[in-house]
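Before anything else, here's the structure in question.
The values are calculated or read from the model by the stated rules, or taken from the named source; none is laboratory data. Just so it is clear, the structure is predicted and the values come from calculations on it, not from any experiment. Here the Cβ positions follow ideal geometry from the backbone for every residue, glycine too, while neighbour counts run over all protein chains shown. Surface accessibility is based on the protein's heavy atoms, side chains included, excluding ligands, DNA and RNA. Shrake-Rupley method; radii C 1.70, N 1.55, O 1.52, S 1.80 Å.
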Amino acid sequence: MLYIRFVLFTVAWVLAVYLFNCLLAKRVKKIVWMRAWVYVSTVAMLGLFGEIFVDTLYRHLTGTPLWRYNFWPIQKAYTSLYAAALWGTYGFYLYLLHDNLRI
């Protein structure tokens, strides 16, 4: 059941981002899937590794964690599996935004 919620959460946010960008462009946006996948995967990877790097650095300097993920934690709770979906959705938003700016 938890995985179904995770998938529904991700699909709902991707759909919301797509519809929002369609409203901004005032037309239905065509998606180039390979280019969109590059944005999604790059931003998701940078987001996850960025969270781990920032919290590791902060913990090294102060001795306490900056944050702690309690829901689906990975990497000693520096980040969460949900973070991949959130950062990936942000990557999809950036892809659509850059397409809007080109137009």
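Give a residue-ordered list of calculated ³J(HN,Hα) values for the range 49-57 (Karplus: 6.51 cos²θ - 1.76 cosθ + 1.60, θ = phi - 60°; whole Hz; x for Gly, Pro).
Once θ is set to phi - 60°, the couplings for the range 49-57 become 5, x, 4, 5, 5, 5, 5, 5, 5 Hz.
Ignoring chymotrypsin sites (Phe, Trp or Tyr not before Pro) that are buried or in helix or strand per DSSP, and keeping those with at most 15 other beta carbon atoms within 10 Å, what is the longest stretch of the chain between them? Walk me through the numbers on the way to the answer.
Working: sites that count: TRP67, PHE71.
The reported range is 1-66.
Around SER80, which amide H atoms from residues at least 5 apart in sequence, or from another chain, sit under 5 Å from its own amide H, with H modelled in the peptide plane?
The list, which skips near neighbours in sequence, is ILE74.
Follow-up question, since we're still on this one. Given H placed on each backbone N at 1.01 Å, which residues far from LEU66 in sequence or on other chains put an amide H within less than 5 Å of it?
Those qualifying (amide H under 5 Å, at least 5 residues apart or on another chain) are ARG59.
With only Lys, Arg, Asp and Glu charged, each at its Cβ (+1 for the first two, -1 for the last two), find how big the charge dipole of the chain is about the Cα centre; round to the nearest 20 debye.
Values: 10 positive and 3 negative charges, 67 e Å.
The calculation lands at about 320 debye.
Right, another one. Per residue, how many Å² of accessible area does the chain show with a 1.4 Å probe? Intermediate values should be presented prior to the final figure.
Working: 7330 Å² over 103 residues.
With all protein chains present, the chain gives 71 Å² per residue.
Read phi for every residue in the range 81-89 and hand back ³J(HN,Hα) as whole Hz from Karplus 6.51 cos²θ - 1.76 cosθ + 1.60, θ = phi - 60°, with x for Gly and Pro.
5, 4, 4, 4, 5, 5, 5, x, 5
Counting only protein heavy atoms and a 1.4 Å probe, tell me what percentage of the chain's accessible area is made up of carbon and sulfur. Mind dumping the intermediate values first?
Working: 5420 of 7330 Å².
Roughly 74 percent of what the probe reaches on the chain is carbon or sulfur.
Rounded if a/c is under 1.5, else prolate if a/b is larger than b/c, else oblate: which is the range 26-103, with a ≥ b ≥ c the root eigenvalues of its Cα gyration tensor?
Values: a/c = 3.40, a/b = 2.64, b/c = 1.29.
The shape class here is prolate.
Can you give me the solvent accessible area of HIS60 with a 1.4 Å probe, rounded to the nearest 10 Å²?
Its heavy atoms expose roughly 150 Å² to the probe.
Now a separate question. Could you work out the helix-only [θ] at 222 nm for the chain, with each DSSP H run of four or more residues adding -39,500 (n - 2.57) and the total divided by the number of residues, to the nearest 500 deg cm²/dmol? Walk me through the numbers on the way to the answer.
Values: 3 runs with 76 residues, N = 103.
Estimated from H runs of four or more residues: -26000 deg cm²/dmol.
If we count every other residue with Cβ under 14 angstrom of VAL43's Cβ, Lys/Arg +1 and Asp/Glu -1, where does the sum land?
Numbers: positive: ARG35; negative: GLU51.
Net local charge, VAL43 excluded: 0.
Explain nothing, just the number: relative contact order of the range 11-103, from Cα pairs under 8 Å at least 6 residues apart, as a whole percent.
Numbers: 93 pairs, mean separation 35.9, N = 93.
Result for the range 11-103 is 39 percent.
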